[in-house]
Amino acid sequence: MEEKERLKGVPGMLRPFKQFLVGAGLPDRALIVYYGCPGTCTPFIELLAFSVRDLPFEQVFVPYLDEEKARTIRAVPDVGMQIGDAPASLTPVVVVVMGGLAMPNVPITAEQAAGVLAKYPDAKRIGICFMNMFEKEGWTAAIEFDLLVDATLDPVTVYR
């Protein structure tokens, strides 16, 4: 993939994501499915989902790659986005793969993820990661992303 731009902060992660979805010509009620690690990826998925809450899409979270455990993502007034009930169906128009899946010690391989994505050959593929995780772990060789957002958390400064 070719670098297109460098941005900063949380908006630098969210704006390209939303711009891609707006420009993709997706139909109303298109399903966006996020694959990620429970707990660690979930807040980032809720943040991404919040950034596109005004768009006419349905959103679903799949823990790891276990589609049987899929859950809807819904807006809760004055709170943000929250994980809800099981979806009626799972036919994504966009799949979002979170970089937490590529972390060492997570029992998911790039090949397993690519196998799940292969079930949806027409779906747009988005990767969201931190600190070059997909590249470091070889996932960019196994999955061809239509959009890859790689954010950096550096430095992390702690004061006491």
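The values are calculated or read from the model by the stated rules, or taken from the named source; none is laboratory data. None of these values were measured; they are calculated from a predicted model. Every residue, glycine among them, receives a Cβ derived from its backbone with ideal geometry; neighbour counts consider all protein chains shown.
Details
Yes/no per residue for (1) out of contact with any helix residue (DSSP H, G or I) (no Cβ under 8 Å at 6 or more places or on another chain); (2) of a type outside the set (Ser, Thr, Tyr); (3) closer than 21 Å to PRO11 by Cβ; (4) at pLDDT 95 or above:
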{"site": "TYR64", "(1), (2), (3), (4)": "no, no, no, yes"}
{"site": "ILE83", "(1), (2), (3), (4)": "no, yes, no, yes"}
{"site": "PRO87", "(1), (2), (3), (4)": "yes, yes, no, yes"}
{"site": "VAL94", "(1), (2), (3), (4)": "no, yes, yes, yes"}
{"site": "VAL106", "(1), (2), (3), (4)": "no, yes, no, yes"}
{"site": "MET133", "(1), (2), (3), (4)": "no, yes, yes, yes"}
{"site": "ALA141", "(1), (2), (3), (4)": "no, yes, no, yes"}
{"site": "ALA151", "(1), (2), (3), (4)": "no, yes, yes, no"}
{"site": "ASP154", "(1), (2), (3), (4)": "yes, yes, yes, no"}
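- From the list VAL60, VAL97, the lone residue that is under 19 Å from ALA142 (Cα atoms) and either in contact with a Lys or Arg (Cβ under 8 Å, 6 or more places away or on another chain) or not in a loop (DSSP other than H, G, I, E, B) (or both) is VAL97.
- Helices (runs of 4 or more DSSP H) fully within segment 106-160 counting 3 or more residues that are surrounded by fewer than 18 Cβ atoms within 10 Å (Cβ to Cβ): 110-117
- Unmet criterion (only one of (1) surrounded by fewer than 18 Cβ atoms within 10 Å (Cβ to Cβ); (2) modelled with pLDDT of 95 or more) for VAL60: (1)
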